[in-house]
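Since every read-out is calculated from the coordinates, none of them should be taken as a lab result. Quantities reported herein were computed from a predicted structural model and do not represent experimental measurements. Here Cβ is always computed from backbone atoms with ideal geometry, including for glycine, and neighbour counts include all displayed protein chains.
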Amino acid sequence: MLYPQLSATRKIYNLNGVWSFKQGAYQPTKDSLLSTDTEAELMVVPTSFNDVLVDKDKRLFIGDNWYERLVDLPQLQENEELVLRFGSVTHQAKVYLDGELVAEHKGGFTPFEVVVAPQFLAKDQLKVTVCANNELNYTTLPVGNYIEKKNPDGSIKKVVKENFDFFNYAGIHRPVKFYTRPKAHIEDVVVTYELSEDLTTADVKVTVLSNASGLEQRLTILDETGQIVAQGTGNDVLTVQGVRLWEPLNAYLYTCRVELFDGEQLIDRYDEAFGMRKIEVKAAQFLINNKPFYFKGFGKHEDTHINGRGLNEAANLMDLNLLKEIGANSFRTSHYPYSEEMMRLADRMGIVVIDEVPAVGLFQNFSAALDLLGDKDEPENTWKVMKTKEAHEQAICELVNRDKNHACVVMWVVANEPSSHEEGAREYFEPLIQLYRDLDPQNRPVTLVNIMNALPGKDLVADLIDVICLNRYYGWYRDHAELADAKNNLRKELEEWHRLYPDKPVMFTEYGADTLPGYHSMWDIPYTEEYQCDYYQANHEVFDELPYFVGEQVWNFADFETNVMLIRVKGNHKGLFSRTREPKQVVRFFKERWTTIPNFGYKSGKN
């Protein structure tokens, strides 16, 4: 699906702003107006409704959340069509035009769109109504523990106890737009390329999906100055000489211009930015452009004050500027696909991205550990309880379709911290890992982010993936405040992973310690800023010993909101920055470390 673009043949109309909003029962009809409902109020799009509504019950509401607004329709040419596009609606969406259901989408983190049918274009205004349902259960991604409680008056209250450690923000989270395109138009663009052995020449293949036959496809590749470096038509292979590679923190983007012509008349045009780089996993190293790359960065969240998970482009840019300032080069889209705007920003700024579907909570015992299952002491086998296969397949298909051309994306994640050590895990994940490989035109590596329970020898999936990605908390959840023991146990585990899989690189995709700004101690006292520094120093001493260890991504970039539980004090405080992006003491420690570690060849001299 193409990102909306203003061009000679396409126009964009922004539908963001203030909408009418109501929770609970509402039946849109041709003549109904949500704004006249006595229970309706105002809501901003895009944002999470949870932190804008200050009433507690509304903030925690589970069920149907209704959005509605009247939109003035643009005048269309005879050869144009109007498309209504949503960047994301969390978690299930129904879209109505003038009270008629026209589209449904499951999954809260990828875009969807619908062509506005001619019968809706006969008047000047159109009523757009959206139902954003935020229920989660054992068939959805993320996974939620869904229950129904009976209120004293006999009514039913829906409850989702998250099977994951972040707040279940919901609503219309990303931009809503009308855009116009020709009825005969470009539907998708797939850019692949083969680099020469010395990486100086590229043969570029552009696959254009179009709904029109008989039109000439003209292809042009432009460099960053707008100069033409290659041209062709149809199925031509375009050769680019003197390639400028896309590299970490040194981005270079070409533009692939696709045009449809009827004779000499331009019918449609679309410009797709892309970067060229080589990705390879070999001999326990992660290679970018034939050089061993070292990941320095973070797990993140789309989480900001007031906006919640709603798109905040200023925060996105600030986050990446902070990331670069302290010497980081990468992040993982934990635990769901981030906005298209963030991915485009990472492309332009040279930030390496590990791209993840919202497959979090696939561990029945995880919920028991956090006391979310009530009296159910003995959890059942995860793979007999979870019925997420259909949602998982859809999430992978939609993510690859959306992000396939992004230079920043160097690896796909099939799941975060699933129960990969339980019987049935291999049968569940093997076809999903293969699905990534079948779909991705660039053949990127695939990984699974491993939970602490799935130790080497117990994990049933590790041989299927390309990189061993570990979430480990030695010195925090294990060996708490015992850093000497933590170092020894961490070293033993990493050495065992390498013994079992000597050709696979190993990296950390999470490690961290909760830290409250302003808490200090002379001793190793958890939650203090000093302990956070000591914790990371202990981990790094082990990392630096091992040549096959290829990256450290801290959990987390910034403090973030979570569900309420005993071990969370108004959220998760493992961030190097506070939720408002103020640095903790440890930021200086990381800046000193990461600015001295090169992006490439850091461990090339180690035995």
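Shape call for the range 170-210 from the C-alpha gyration tensor, a ≥ b ≥ c root eigenvalues: rounded (a/c under 1.5), prolate (a/b greater than b/c) or oblate? Taking the square roots of the gyration eigenvalues as a ≥ b ≥ c, the range 170-210 is oblate. Note on the range 59-143: Cα convex hull, mean projected area over all directions, 6.4 nm².
Only Lys, Arg, Asp and Glu carry charge here, each on its Cβ (+1 for the first two, -1 for the last two); on that basis the range 186-274 has a dipole of about 80 debye about its Cα centre. Please state the shape class of the range 267-338: rounded when a/c is under 1.5, otherwise prolate if a/b exceeds b/c and oblate if not, all from the C-alpha gyration tensor. Taking the square roots of the gyration eigenvalues as a ≥ b ≥ c, the range 267-338 is oblate. Remark on the range 105-188: hydrodynamic radius 16.7 angstrom, per the Kirkwood mean of 1/r across alpha carbon pairs. Entry for the chain at q = 0.07, 0.09, 0.13 Å⁻¹: log10 I(q)/I(0) = -0.45, -0.75, -1.49, Debye formula applied to identical alpha-carbon scatterers, no solvent contribution. For the chain, the relative contact order comes to 12 percent (Cα pairs under 8 Å, sequence separation of at least 6).
Sites listed here are trypsin sites (Lys or Arg not before Pro) in the range 54-147 whose DSSP assignment is loop and whose Cβ has at most 15 other Cβ atoms within 10 Å: Lys123. Over all directions, the projected convex hull of the C-alpha atoms in the range 1-129 averages 8.5 nm² in area. Backbone amide hydrogens, once placed in the peptide plane, bring Val352 within less than 5 Å of Leu249, Ser330, Phe331, excluding anything fewer than 5 places away on its chain. Lys584: which aspartates and glutamates have alpha carbons under 16 Å from its alpha carbon, excluding same-chain residues fewer than 8 sequence positions away? Excluding near neighbours in sequence, the set is Asp319, Glu325, Asp514, Glu529, Glu530, Asp534, Asp559, Glu592.
Converting phi to 3J(HN,Hα) with the Karplus coefficients 6.51, -1.76 and 1.60 and the offset θ = phi - 60°, the range 175-184 yields x, 10, 9, 8, 9, 9, 8, x, 4, 8 Hz in sequence order, with x at every glycine or proline. Rounded to two decimals, the Cα-based Rg/Rh of the range 186-274, with Kirkwood Rh, is 0.99.
Which value at 222 nm does the chain reach when only helices count, each DSSP H run of 4 or more adding -39,500 (n - 2.57), with the total divided by all residues and rounded to the nearest 500 deg cm²/dmol? Only helices count here, giving -5500 deg cm²/dmol.
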